[in-house]
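The values are calculated or read from the model by the stated rules, or taken from the named source; none is laboratory data. Values in this document were obtained by computation on a predicted structure and should not be read as measured data. Cβ: placed from backbone, ideal geometry, glycine included. Neighbour counts: every protein chain shown.
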Amino acid sequence: MSKQKVFIIYANLGGGHKSLAKYFEKFISDSPVLTNYETSLIDIFEDRPHVNNLLQLAYTYVTSNFKIFWNVFFALTDLHLSRVILHHIYSTSVEGKIKKLIEQEPEAKFVFTYYPPKSSHLGKHNLHVAIPDPYSSSRFIFTFRDGNFHAQSEHIYRLGLKAGLSDDQIKIAGLFLPESINSEMIPQVPQLKSEFSKKRILITSGGQGLNKSLRILKKLASNPNLEIDFVAGKNMPLEIKAQRFKEKFNHENVTIYGFTDQMKRLMQESDLIITKAGPNTMFEALKCKKPLIIFDYLWKQELGNLEYVTENNLGIYEPNPSKILEVIESGAIFNSERAIFDASIDTVSPEYLHSIFH
C-alpha cells in the first residue's frame with residue numbers, strides 16, 4: 001500500500017519557517033498513528049536559488065542596517081492593493097513549482113510554514129497553513145484564503161477572522177514548540193558558575209545575525225566577570241568582525257560562533273540570554289527558564305512577541321547596549337521573583353496535530 005505524500009513547504013529565509021517545517025516533519029515521522037504518511041521538505045524557492053540568495057541578503061542587510069525600509073515594506077502588506085499586487089507577483093513566481101508537485105502526487109497534502117500562494121491547484125481539501133509567528137503576523141499570509149489555517153494564539157486567530165477567514169477555516173492550535181525546547185528533551189544541566197560573581201551570557205540574534213549584537217558584545221566584553229558566548233548565525237561578516245574584536249583586545253572571556261548546532265547546550269549553560277524578539281530563539285530561551293533581555297524587534301512582525309515577554313514579566317526590553325551592561329551588573333535581571341515561563345500551557349496537542357492529517 002503506497003503512502004500518502006505530505007509536502008511541507010517553507011522558505012529558507014531566517015530560521016522560523018524552516019524550523020517549523022522540520023517540526024511537522026519530525027512529528028509525522030515519529031507518530032505511531034501517521035505511519036501511512038511520508039513527508040518531503042520543500043524550499044519554495046529551491047528552483048530559483050538566485051531569488052532565494054537575493055531575498056536572504058536583502059532581509060539580513062535591510063533589517064540590520066535600514067529597518068525603516070523593512071517597516072515600510074511590512075506596512076505595505078497591510079494595505080489591500082499593494083498586498084494583492086505583491087501576492088500576485090509571489091504566486092506567479094512559484095505556481096510552476098506547485099503544479100509540478102501536484103502532478104507528481106495528485107492526492108498530496110500541503111503544509112505551508114511560509115505564505116501560501118494563490119493557486120488553482122490548492123484548496124481546502126489539501127492545503128494547511130501553520131502560521132509561524134505566534135503573536136504577530138502580516139495580513140499577507142491571509143491573502144489566499146482557500147485553505148485551513150492554524151494559529152498559535154487567539155490574537156492571530158482574530159486577525160485571520162478580520163482578514164476574511166471563516167470560523168471553520170482557522171483554528172487555535174497552540175504554540176508550535178520545536179523539538180529542541182520540548183521539556184522532555186532538554187536536560188536541566190548545571191549552569192557554569194566558576195565563581196559566585198561570574199555569569200555566563202549568551203548573545204544571539206537568530207539565524208541571520210544582527211549587526212547591533214556586536215555593539216552589545218563590545219560593551220559586555222569589558223567586564224571580566226562575564227563569560228560570553230556570541231552567536232553570529234549565517235552572518236559571516238558579523239562573525240569575522242566579532243572574531244577580530246576578540247583577538248584585537250585579547251578577550252579570553254569571549255567565544256565566537258557562526259551558524260551552530262550547539263544552541264541547546266549554549267542556552268542551558270547560560271545564566272542570561274540576550275536576543276531579538278524572533279519567536280524561535282525567544283521561546284527556546286523561555287523554555288530553558290533563563291532570564292531574557294530583548295534588544296531588538298521588527299516593527300509589527302515581532303512586536304507581539306516582545307509584548308508577550310514584557311507584559312508577562314518574563315524578561316525586559318533594552319535596546320541600549322550601555323544600559324544592558326548596567327542591568328546585568330546591577331543583578332536585577334537575575335531576580336528570583338521573575339516569572340517563569342511554562343511551555344506546557346497553550347502548546348499544541350498531539351491530538352490536534354493528528355487531526356490535521358485525518
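Please work out if residue 106 is in contact with a Gly (Cβ under 8 Å, 6 or more places away or on another chain), at pLDDT 85 or above and under 17 Å from residue 42 (Cα atoms).
Taking the combined requirement at face value, the residue does not satisfy it.
Give me the pairs, please: first residue somewhere in region 200-228 and touching a residue at least 40 places away in the same chain (Cβ under 8 Å), second residue anywhere and part of a helix (DSSP H, G or I) and basic (Lys, Arg), beta-carbon distance under 9 Å, and either six or more positions apart or on two chains.
Going by the 9 Å Cβ cut-off, the qualifying pairs are 205/212; 207/18; 211/241.
Determine if region 80-87 includes at least one residue that is crowded, with 19+ Cβ neighbours inside 10 Å and part of a helix (DSSP H, G or I).
Looking for residues that are crowded, with 19+ Cβ neighbours inside 10 Å and part of a helix (DSSP H, G or I), one finds at least one in region 80-87, hence yes.
Taking the condition crowded, with 22+ Cβ neighbours inside 10 Å and within 30 Å of residue 147 (Cβ to Cβ), does residue 275 pass?
Criteria not met by residue 275.
Rundown of residues vs (1) under 21 Å from residue 155 (Cα atoms); (2) at pLDDT 80 or above; (3) among the polar types (S, T, N, Q), yes/no style:
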| site | (1), (2), (3) |
| --- | --- |
| 266 | no, yes, no |
| 270 | no, yes, yes |
| 277 | yes, yes, no |
| 291 | no, yes, no |
| 295 | no, yes, no |
| 299 | yes, no, no |
| 303 | yes, yes, no |
| 307 | yes, yes, no |
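Within region 257-287, work out how many residues are touching a residue at least 60 places away in the same chain (Cβ under 8 Å) and among the hydroxyl-bearing types (Ser, Thr, Tyr).
Adding up the residues that qualify gives 3.
Considering region 109-132 alone, what residues qualify as being out of contact with any Gly (no Cβ under 9 Å at 6 or more places or on another chain) and either buried (at least 18 other Cβ atoms within 10 Å of the Cβ) or within 30 Å of residue 299 (Cα to Cα) (or both)?
If the condition is that a residue be out of contact with any Gly (no Cβ under 9 Å at 6 or more places or on another chain) and either buried (at least 18 other Cβ atoms within 10 Å of the Cβ) or within 30 Å of residue 299 (Cα to Cα) (or both), then 109, 111, 114, 115, 117, 118, 119, 130 are the ones that fit.
Select from region 144-180 the residues that are assigned to a loop (DSSP other than H, G, I, E, B) and under 19 Å from residue 16 (Cβ atoms) and list them in ascending order.
Within region 144-180, 152, 153, 173, 174, 176, 177, 178 meet the criteria.
If a residue has to be at pLDDT 90 or above and over 23 Å from the mean Cα position of the chain (by Cα) to count, how many in region 204-223 make the cut?
Qualifying residue count for the region: 5.
Have a look at 171, 162 and point out the one that is of a type in the set (Lys, Arg), modelled with pLDDT of 90 or more, more than 21 Å from residue 284 (Cα to Cα) and surrounded by 16 or more Cβ atoms within 10 Å (Cβ to Cβ).
Just a single option satisfies the conditions, and that option is 171.
Does residue 322 satisfy the criteria of being crowded, with 22+ Cβ neighbours inside 10 Å and modelled with pLDDT of 80 or more?
No.
Which fully enclosed helices (runs of 4 or more DSSP H) of region 261-337 have 3 or more residues being farther than 16 Å from residue 220 by Cα?
Answer list for region 261-337: 263-269, 279-287, 303-311.
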